[in-house]
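As structure tokens, the structure follows; a few thoughts come after it.
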Amino acid sequence: MKLESRKIPGHDPTDPELEQAKNDLSMEKSKLDPWVVILVVGALALAALTGLRVISDARPAQQSDKRKLRDDGYTTSPSASQAPSMSYVPSTSYSPSNIPSTSNFPSASSQPSFPKMLAVDCPAETDDDAIIPKTIILLTVSKSSSLCMLILLKEDGSRVPVARSYRGNDWEPYGGLYASLSVDCYGNYQCDIPLEPPPSGATYVLKSTSPAHAITIEDKVARFLESATFGGSPAEIDSLAKTIASYEMDETTAIDRAFASWVANQQDSTTTPLTSHRAFFRQRTLSWSLGSTRTTLTTQPCAMGSRYRRYSFTGSDYEQLLTIGNDGNGTLPLFVNGLVRTVVEAPIVFSDGSVAEGGKNYELCSRGMKGLGATVKLRQAGSCRKVVSFGSFNGNPPIDFFDTTPPEWFDITPYADAIDQKSYRYYEEGSIQMLNVTSTIPPEHCSYSFAPGLQEHFFVRFGSEWFISDTRFVLLNNDIDTPLEDGGQSMVSATSEAAKRDWKVRCSNVPRTYQNEDRCFWNEDRTCAAGQKFLSGGLVCGSPNEVSTSRSGGGVNGDGQFNVHTKFDNAGDAQKELKQHIWTASVLSAKDQLRQRVAWALSQILVIGGTVLQPTHTEQHLAYYDIFVRHAFGSFRDVLKDVSLSPMMAKYLDYYQSKSTGYIWQKSKDLEYPDENYAREVMQLFSIGLYKLNQDGTVQRNSDGSLALAYTNDDIIEFARVWTGFNGQDLRGNIEEKGELNGVDPMRFDAQWRDHFPKMGLNGQYIGHGLPLCADLPSEHFLKKGAVYRLMGRTSQSDLQRDQESESWRDNGEAVQFMVDAESELH
């Protein structure tokens, strides 16, 4: 079958017919979504610049003696440098008002010119394949009320689907080779499909047919959920389809009503609570820890949730010091970092046949040492060698003491009802390798005394077998609505006498910020605050989704799924994939699917990366990602505010600890200007873009026809001063360690670093212009209706000052304090 068409209107950009086509297209596009409009306008501008060159290539072959006709319908030239460009150029001249009318399309051998663009309707269902001329690189096809397919017909007769339109829907690419095909649809009538030259002997064809499968309600529901979620389950599809069927109205109205109701429920956080990625991570964290850290305490041997393992070494022993003792009785005691771990039979044999010597030090150099019989490797003099056997036992040996006993131990056999036995299927099939304490063992039967620091030296006997305390990380609930009552002071006090700084837990109290200040409270008992010390009383605040670890475990055999990075935890390469694992597990199991889809879209715009995303640090990234989850259905201003005050973004785009020119000059007499990176990206990529836009999304132009810039480099220099003075909050406990950076809490201002001078805004007014000055406020304004009071704590100083406990404030006799009467309306 031959396609019918006519040549596209002239190639001159000033051609009245082309201008009319542009106007018609603009009117049609103005009805579209603004974001789609922006993309289409960009394509229109590009085509206007390139249309002259492309269409001019479609001139008659006989007009040039340098061009000749190839057998396959393309024009060619003596040299490659003279060949016409075949790159894709978007159509600029199609709109419902100027779709070409039809006329017979000549064969390639008789066609005097070779157009690169073609606008056609789909053939009738009874027609044969409609062959697309091989010169066409941009095909504009009307939408089909049946099923119309664009197919690549190969020389051997095989057919490869490229794109399709059905039941009046937009054209869409097929999967496979053409999954990334960019199809541009506009208006209610047609779509542009760019075509690559077909392989030798192949050609593109259009074919129409009736869909063999009737579109059911379930199909429509599945397609809706595919666009609004990360994939609907059969149960979800069936439930929504039944809801539609239950409505006593026509199908179209019922579907619209059901889909609208589903969206409303997804947006209502009381009906569909949000799924926090940070909370998902913290709840499922049961990572190993050698002892108390700067972050938190570990499980205690007698408490519910404590664990004991039977195998001697774990992956977290990687790069730790192993000392082999010698007791002279044919057994060898093994010590890790100076603490007894187990006693094994002699000899310890390496894979090369050599034997480890008693009284020598080695380095544990393998990570996968989980379970009895697992591979153990030791390093000495630079060589990491596999241990074949510890006496008669191959691989990771069990905890054993033969005829001796360890320093601290007790028998938990009488408490079998409080013990959950875990059988790992690693190397010792069916053997009990882990014990979980499911209820607290009474203190009178547990002789363990807490000591901060290294704790994995406590052993238990269960039946005839020995187990060692497998200390685990314990994250506490410090959520924004239910913060720790003492700010973590109890953990600080418990570890204050630890021998090493790294064993002392930091205060967990969250600094007061715009995120939590409406839910902070005053505690009269002794509390702590990051960077501060209160002898009694203090303001206590929490952090969004800072929930506690679930003591019920999770993952395979209740072993926990995720590790928290600490100086003691060397979990290895597996931890580098945590962010991806957590994201996948969260979005696939979340009930708030629409929120998660929107959050994902936002995260692809306001991106962070580079060195700020350390592969072994997880919680900081998840706290950043949660910004998009929280604000998915809210204001973009709130998104931009949280992003801008995130230490992760500040580190990524170089305004973390940015200082004003004046401050640097005062300190070092160096003339340095604030970094401009974020000032540029926040406008160009995150908000207004490069050019000013009209209300319909079209680009504004200056009087001379040039594009109207949204900002200039002078604006960037000005706004760089806005992003000075930002610094991280003090390091605190109960969150994952990340060097010297608190990557979770919003940043604070350092008043000294801040540029104090006015900053000009985009609209010719200074930022903050119009806000009332203190001198403009009425007399006694603080007592008038509507006045707001902010709890300051025991001092009247500002949070921006860092000398809260200085004598100049605490003992200032000029300061006036007052107590609000309990009967007062201000109380």
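The values are calculated or read from the model by the stated rules, or taken from the named source; none is laboratory data. Since we're looking at a predicted model, the values are computed, not measured. Using ideal geometry, Cβ is built from the backbone for each residue, glycine included, and neighbour counts are taken over all protein chains shown. Keep in mind that these areas ignore ligands, DNA and RNA; they rest on the heavy atoms of the full protein, side chains included. Shrake-Rupley method; radii C 1.70, N 1.55, O 1.52, S 1.80 Å.
Odds and ends about this structure:
- Asp170-Arg519 FRET efficiency (beta carbon distance; Förster radius 41 Å; 0.05 resolution): 0.30
- Added length on full extension, which subtracts the Cα-Cα distance from 0.36 nm per residue, Asn694 to Asp481: 72.4 nm
- Largest to smallest accessible area among Trp723, Trp522, Trp288 [probe 1.4 Å]: Trp522, Trp723, Trp288
- Taking all protein chains as shown and a probe of 1.4 angstrom, Glu517 keeps an accessible surface of around 80 Å².
- Computed 3J(HN,Hα) for the range 348-353, one whole-Hz value per residue from the Karplus formula 6.51 cos²θ - 1.76 cosθ + 1.60 where θ = phi - 60°, is 9, 10, 8, 5, 8, x, glycine and proline marked x.
- A simple count of charges around Val722, restricted to other residues whose Cβ falls under 9 Å of its Cβ and scoring Lys, Arg +1 and Asp, Glu -1, yields 0.
- The heavy atoms of Lys591 offer some 150 square angstrom of accessible surface to a 1.4 angstrom probe.
- Residue pairs, from the table Lys659/Lys759; Lys116/Lys154; Lys504/Lys667, whose Cα atoms sit over 27 Å apart: Lys504/Lys667
- Based on protein heavy atoms only, the range 651-803 ends up with 63 Å² per residue of surface accessible to a 1.4 Å probe.
- Two-site FRET efficiency, Glu740 against Ala499, from Cβ-Cβ distance with R₀ of 35 Å, rounded to 0.05: 0.95
- Extension gain (nm, one decimal) between Ser603 and Asp327, 0.36 nm per residue minus Cα-Cα: 93.4 nm
- With all protein chains modelled, accessible area of Thr323 [1.4 Å, Å²]: 40 Å²
- Across the range 262-351, the fraction of Cα-Cα pairs farther apart than 21 Å, rounded to a whole number, is 57%.
- The listed residues Ser246, Ser316 rank as Ser246, Ser316 when sorted by accessible area, largest first, using a 1.4 Å probe.
- Shown for the range 119-201: the carbon plus sulfur share of the solvent-accessible area, taken with all protein chains present and a 1.4 angstrom probe, equals 47%.
- Global form of the range 664-730, assessed from the alpha-carbon gyration tensor, a/c cut-off 1.5: oblate
- Solvent-accessible surface of the range 469-532, taken per residue with a 1.4 Å probe and all protein chains present: 44 Å².
- Karplus-derived 3J(HN,Hα), 6.51/-1.76/1.60, for each residue of the range 469-484, Hz, glycine and proline x: 4, 9, 4, 10, 4, 10, 8, 9, 6, 9, 5, 4, 8, 9, x, 4
- For the residues Glu226, Glu497, a 1.4 Å probe over the protein chains yields an accessible-area ranking, largest first, of Glu497, Glu226.
- Carbon plus sulfur fraction of accessible area for the range 319-437, probe 1.4 Å, in percent: 45 percent
- Over 20 Å (Cα to Cα) - which of Lys641/Lys738; Lys651/Lys692; Lys134/Lys207; Lys143/Lys207; Lys579/Lys738 fall in this group: Lys641/Lys738; Lys651/Lys692
- The amide H of Arg472, built 1.01 Å from its N in the peptide plane, has Ser289, Thr299 as neighbours under 5 Å, considering only residues 5 or more places off or on other chains.
- Model label sites at Ala585 and Ser383, defined 7 Å from Cα along the beta-carbon direction, differ in position by 4.1 nm.
- Residues Asp714 and Glu248, FRET efficiency given R0 of 51 Å [Cβ-Cβ distance, rounded to 0.05]: 0.20
- Rounded percent of accessible protein surface that carbon and sulfur make up, the range 593-752, 1.4 Å probe: 50 percent
- Per residue, the range 282-352 exposes 30 Å² of solvent-accessible protein surface, assessed with a 1.4 angstrom probe and all protein chains in place.
- Segment Gln267-Lys759, length gained on full extension (0.36 nm per residue, minus Cα span): 173.3 nm
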